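**Q** Structure provided below as structure tokens; questions to follow.
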Amino acid sequence: MSESNPTTRAKAHNSVYQIITDRILELLDQGTIAWQKPWTSGGFPKNIVSKKSYQGINLFLLSIMPYSNPYWLTYKQAQKLGGNIRKGEKSTMVVYWATFEKKVLNEKGEQEVKKIPVIKYYRVFNLEQTESIDLPDTSTETFEHNPIEIAESIINDMPNAPELTNHDSCRAFYRPSADVINVPDKQYFTQIAKYYSTMFHELAHSTGHQNRLNRKGITEFAFFGTHEYSREELVAEMTASMLCGVTGIDNNTIENSAAYIDGWRRKITKDPKLIIQAASQAQKAANFIQGIQS
């Protein structure tokens, strides 16, 4: 059989998919780095008063919100800066660990103080949600890249493809109602591989459309943070990782993908089977994008 035979191609790609899945599971077992938004427009989330960047899951939660400004603040901080939150704006939750002391009896029947960790949260708003507060300089660095031909071919040759735009330089998303994908222009990505990983992620979401693979995570509206929403994010990022493997750029993106996947997995449950299930759906999505019959 020739390499161009669909059956041969499917088998070859399936082995790559399995390697990527195994690698992601390995990284999840080891513990992963914090997810980083791979484009530069807006910069990383930080508090406007302390100027400190948010870390861990907070970096993840704030980075995926639809705002270009990197600065966040609480309602009280907005008031202290002489501004206010615009009417109707909704806050975003950030979390932190604290400890409280509880008096308990030890094995000897003696009273001692035990420190118990608890997770707490508070609400923040993006600077774009405020009024009468001066905006800090948020000029964006840009980069020059050479396209990766095989990745370009996959994007351009996808059958029954959605519309692609880069009208919004601050967000990457798939909008099922309009069947439209938006990904920031290549110049905003620090690495060209991260651009393709992001594009593959959104293309993966589009495969769930009723006219393609008809996946529940897309065809049935799911609110942000729900089980079904989180599961769809796992499928999309697994698909992106698999396509990066096929195009030979997985080494540049695999750790960030694993961190992204872990962020959503934590929202559901730490269950390795969940990744395996997502990988099965991701394989179908990756094949659809490449025009391969599964």
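Values quoted throughout were computed directly from the atomic coordinates according to the rules given, and no laboratory measurement underlies them. Since the model is a prediction, treat every value here as computed from it, not as a measurement. We place every Cβ from the backbone using ideal geometry, glycine too, and count neighbours over all the protein chains shown.
**Q** Taking the dipole about the Cα centre of region 46-131, with the C-beta of Lys and Arg at +1 and of Asp and Glu at -1, give me whichever of Gly82, Val118, Ile64 is farthest to the positive side.
**A** Working it through, the farthest residue towards the positive pole turns out to be Gly82.
**Q** Another question, if that's okay. Among 161-173, 192-204, how do they line up from the highest to the lowest mean number of other beta-carbon atoms within 10 Å?
**A** For the peptides 161-173, 192-204, the packing ranking is 192-204, 161-173.
**Q** While we're here: What's the tally of Lys pairs in region 46-131 whose alpha-carbon atoms lie under 13 angstrom apart, where the two lysines are 8 or more places apart or on different chains?
**A** Here the count comes out as 4.
**Q** Over region 46-131, what is the relative contact order in percent, taking alpha-carbon pairs closer than 8 angstrom and at least six residues apart?
**A** Result for region 46-131 is 34 percent.
**Q** Same structure, new question: Please say if region 50-207 is rounded, prolate or oblate, where rounded means a/c under 1.5 for a ≥ b ≥ c the square roots of the C-alpha gyration tensor eigenvalues, and otherwise the choice is prolate for a/b larger than b/c and oblate otherwise?
**A** Verdict is prolate for region 50-207.
**Q** Calculate, in nm to one decimal, what Gln111 and Asn211 gain on full extension: separation in residues at 0.36 nm each, minus their alpha carbon distance.
**A** 29.4 nm
**Q** If we sort 70-78, 232-240 on the protection proxy, mean other Cβ atoms within 10 Å, highest first, what's the order?
**A** Sorting 70-78, 232-240 by mean packing, highest first, produces 232-240, 70-78.
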